[in-house]
Amino acid sequence: MTRCPAAKPPGVIYTAAGQGAGRERRTTLGTYMVDRDLPGVTMEQLAAAQKAAIETSKKFTAEGKPVRYIRSTFVPGEAHCMCLFEAPNAALVREVNETAKIPFTRIVEAADLTPK
């Protein structure tokens, strides 16, 4: 009989730990909101920024710095965008956004209340 591995709790990832084959390190992730004021932005520019956020997050994760882009909400009448990321800390989310060259006004810890 094959046993299924236990499900990981939300916000927790497991990464390989250095040279020790089979050993794992547990990393707890928080949710962070990135605020952006984007006057004059087009939908094409928003799509390109989203793509850059996703690709840069994946690149960081592949390099052992776990970041996951969750989603964005854009308010056209205010040219305001709010993006959610999952990461161990706000500094890593800042690094992803700076590397992707996506402007932002602040990064704060947030609670994602999406129903399961």
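Just so it is clear, none of the values below were taken in a lab; they were calculated from the coordinates. Remember, predicted model here, so these are calculated numbers, not experimental data. Don't worry about glycine lacking a Cβ; one is built from the backbone with ideal geometry, like all the others, and counts go over all protein chains shown.
Before moving on, here are some points about what is shown:
- When every residue of the range 30-44 is checked against the conditions, at least one turns out to be more than 11 Å from the chain's Cα centre (by Cα), basic (Lys, Arg) and closer than 24 Å to residue 111 by Cβ.
- Residues that are closer than 24 Å to residue 28 by Cβ and of a type in the set (Phe, Trp, Tyr) within the range 66-116 comprise 69, 85, 104, listed in sequence order.
- From 68, 94, residue being farther than 22 Å from residue 114 by Cβ, out of contact with any His (no Cβ under 7 Å at 6 or more places or on another chain) and not polar (S, T, N, Q): 94
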